[in-house]
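Notes follow the structure.
Please treat every number below as a calculation from the coordinates, not as lab data. Keep in mind that what you see is a predicted model, and the values were worked out from it rather than measured. Note: ideal-geometry Cβ built from the backbone for every residue, glycine included; neighbour counts use all protein chains shown.
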Amino acid sequence: MDEEGRVIQKRRDLPGTWRTVERAFLCLISILGAVYALGIPGYFRLAFFVEQYAGLLFGMMVFALFLSTKAFRRSRDRTPPVLDVLFAIAGLASGLYIAVFYPTIVFRSGFITMPNLVFGLAALVLVLEGTRRTSGWVLVIVTLVMAAIALFSGSLPGIFKISSVAWDRLVNYLYLDTNALFGLPLTVTLDMVLPFILFGSFLFAMGGGEFFVDMALALFGRYRGGPAKVSVVASGCFGTISGSAVANVMVDGWITIPMMVRVGYRPHVAAAIEAIASTGGQLMPPVMGLTAFLIAEFLNAPYAQVALAAAIPAVLYYLCIFVQIDREAAQHGIKGLPPSEIPHIGSVVRRGWIFVVPLALLIYALFFLNLQPGKAGMYAVLATLAIALLGKDTRSRLAKSGISILENAGRTIVELGMITAVAGLIIGLASVSGLGSLLSIEIVRYGGHNTLVLLLLTAGVSLILGMGMPTAAAYILLAITVIPSVVQGGITPMAAHLFIFYFGAISMITPPVAIAAFAAASIIGTSPMRTGYAAFRLGILAYLVPFIFVYSHELIMIGPPWRIALAFVT
C-alpha cells in the first residue's frame with residue numbers, strides 16, 4: 001500500500017457541520033500561508049516571529065488532522081469520537097500558545113514552567129500520533145528510540161553512553177527551541193513549500209496537467225514505445241511543479257499506463273515505467289519538493305543555486321530512463337501510437353501555451369530576480385489565477401473548484417506538516433543528546449578515509465531509510481548524522497547533500513518497499529512486487545548518476561561554463 005492510499009483509507013467521510021469545519025480550517029491554512037508568503041502583514045506594520053506564524057498553522061493543522069483522519073484503517077466512525085475531538089482541541093491550543101505567547105517565552109526559554117510542559121507534552125504526543133496516522137510507524141519509532149537514548153543514555157553501554165537529559169528539560173527543548181519542533185523543517189514547509197503546493201494545485205486544476213500530457217503525446221507518441229516516452233516527458237513536466245513521486249504517478253499514471261499496455265507493454269512493466277518516470281519529479285528543477293528547500297537552508301545557499309546544481313543530474317536521470325525504455329521497446333517490438341490518437345502539436349500549443357507563462361514567471365523570479373522561493377511561488381500562483389480569469393473555460397473551472405483547490409492544498413500541507421514536525425523533533429533529539437555527532441564519528445571510523453566506501457555506505461543507508469519514510473525525513477536524518485562524515489571524507493557539501501537526496505528519492509523505486517512502484521501497480525491492478533523489481537531493473541543506470549556527479553563536480557555546476565558543458569557532453 002502506498003503512502004497516499006494509506007492516508008485516503010484512514011480519511012473520515014465527515015457529515016454536515018464537521019465537514020464544514022474541516023473545509024474551513026483547510027482553506028484557511030492555504031489562505032493564511034499565501035498571505036504570509038506575499039508579505040502582506042508587513043504592509044500593515046505587523047511584526048511577529050516566524051515561530052508565531054508556524055505555531056498558528058501548526059495548531060490548525062493538528063486540529064484538521066484529528067477531525068478528518070481515523071486512528072485505524074478499519075474504524076467505521078464518520079463522526080469524530082470524543083477522544084479525537086479532544087486531541088484536535090489540544091493540538092489547536094498547543095499551537096495558539098506559541099502564536100500568542102512566543103515573544104514572552106523566547107526571552108525565558110531557559111525557564112521550565114508548567115504551561116510550557118503541559119502544552120509541550122500535548123504537542124509532542126499529538127505530532128507522533130498524527131505522524132503515525134498519516135505516514136505509519138517508521139518515523140514514530142525512530143523518534144521514540146532517539147528520545148529513549150536522550151533520556152537513558154547514561155545507563156546505556158558502548159558508544160551510546162553519553163550524558164542523559166532530564167525529561168522536563170527535554171520536553172521544554174523540543175517544544176520551544178528553534179532547532180526542534182518549530183525549527184527548520186516545519187518553518188521551511190510553511191514559508192517556502194506551501195506556495196508551491198498552491199501553485200501546482202491551481203495549475204493542474206485549470207488544465208495545466210492535460211496540456212503537459214498532450215504536448216508529450218504530440219512530440220513522442222508516434223515513436224517506438226511512444227506511450228512510455230510520453231510518460232517520461234509528462235512526468236518530467238509534472239515534476240517541475242509537484243516535486244512528489246506518488247503525486248506524479250496518481251496524476252498522469254491513469255492516462256499513460258493503460259496507453260502503454262494497449263501498445264504491447266506488460267502491465268507490470270508499464271507501471272514500472274510510470275514509477276521511474278514520476279520518481280524523477282523530485283529531482284527536476286525548478287520545483288523539487290521540500291528536500292531541495294531544506295538543502296538550501298542547511299547549506300545557507302539560495303534555492304536557485306540548489307536547483308541549478310540539480311539540473312544536469314536530473315537530465316541525466318531522464319536520459320538513463322529514456323535509453324532503457326527505448327531498449328525495452330526495441331526488444332519486444334513495441335511501436336508507437338496510431339496517428340489518429342496523436343494530437344497535432346500546433347493545436348496543443350495554441351490551446352495551452354498560456355500554461356507555460358506561470359512556469360516561466362516562476363523561473364524568472366527564482367533565477368534572475370533572486371526572489372525568495374515563497375514569494376516567487378506566490379507570484380506564480382497569482383499569474384495562474386490571472387490566466388484563469390482570462391479564459392471562459394478556465395474561469396468556469398475556477399468558479400466551480402476554487403474552494404476544493406484550497407481545501408486539497410490545505411490537506412497536502414497538513415500531511416507534509418506532520419512529517420516535517422516530527423523531522424524537527426529528530427533534529428532536536430540529535431542535537432540535545434549529541435547523537436548526530438557521535439554517529440558521524442562512528443561512520444568515519446568504520447569507513448576510514450576511503451571516499452568510495454563512505455559513499456557506498458551512505459547510498460545504502462539512504463535507500464533503506466527512504467523505503468520506510470518520506471524523502472525529506474530520510475534526508476534530514478542523514479544530513480545530521482552522515483553528511484558531516486562524507487564532507488570530512490573530501491566530498492564538497494553541495495555534492496554530498498545532493499547525493500543523499502538523490503538516493504532518498506530513488507528509494508521510491510527500490511524493492512522491497514518501492515512506494516512509487518506500488519502506487520503505479522494499484523492503477524492497473526498488477527503485482528506490486530513485480531512492478532518494483534521491474535522499476536529497479538529499468539532504472540538501474542540511474543543509480544550510477546550520483547557517483548558520477550560526486551567525482552565530476554562540473555555536473556553540479558561547479559566550475560567554468562566550458563568545463564560544465566564538456567562534462568555534460570562526455
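Worth pointing out:
- Estimated dipole of the range 3-137 in Debye, rounded to 20 [Cβ of Lys and Arg +1, of Asp and Glu -1, Cα centre]: 420
- Under 5 Å, built H, 5+ apart or other chain: amide partners of Thr69: Arg12
- Anisotropy class of the range 3-137 from Cα gyration tensor, a/c 1.5 cut: oblate
- Per-residue Cβ neighbour rank within 10 angstrom, fewest leading, Phe220, Phe298: Phe298, Phe220
- Backbone phi angles across the range 328-344, fed through the Karplus curve with coefficients 6.51, -1.76 and 1.60 (θ = phi - 60°), yield HN-Hα couplings of 4, 5, 5, 5, 9, x, 8, 8, x, 7, x, x, 5, 9, 9, x, 6 Hz in residue order; Gly and Pro are listed as x.
- Cα gyration tensor category, rounded, prolate or oblate, for the range 284-346 with a/c compared to 1.5: prolate
- A simple charge model with +1 on the Cβ of Lys and Arg, -1 on the Cβ of Asp and Glu and nothing else charged puts the dipole of the chain at about 940 debye relative to its Cα centre.
- Comparing Val261, Leu219, Ala205 along the charge dipole axis of the chain, the residue lying farthest to the positive side is Val261, per the Cβ-charge model.
- Sequence-distant contacts, meaning Cα pairs under 8 Å at least 6 residues apart, place the relative contact order of the range 3-137 at 34 percent.
- Among Gly352, Leu389, Ile321 the positive-end extreme of the charge dipole of the range 314-445 (Cβ point charges): Leu389
- Shape class of the range 375-446 from the alpha-carbon gyration tensor: prolate, with a/c at 1.5 or above and a/b greater than b/c.
- Here the dipole of the range 192-271 is about 360 debye; that uses its Cα centre as origin and unit charges on the Cβ of Lys and Arg (positive) and Asp and Glu (negative).
- In order along the range 25-35, phi translates into HN-Hα couplings of 5, 5, 5, 5, 4, 5, 5, 4, x, 5, 4 Hz, rounded to whole numbers, per the Karplus curve 6.51 cos²θ - 1.76 cosθ + 1.60 with θ = phi - 60° and x for Gly and Pro.
- Tyr475, Tyr318 arranged by Cβ crowding within 10 Å, fewest neighbours leading: Tyr318, Tyr475
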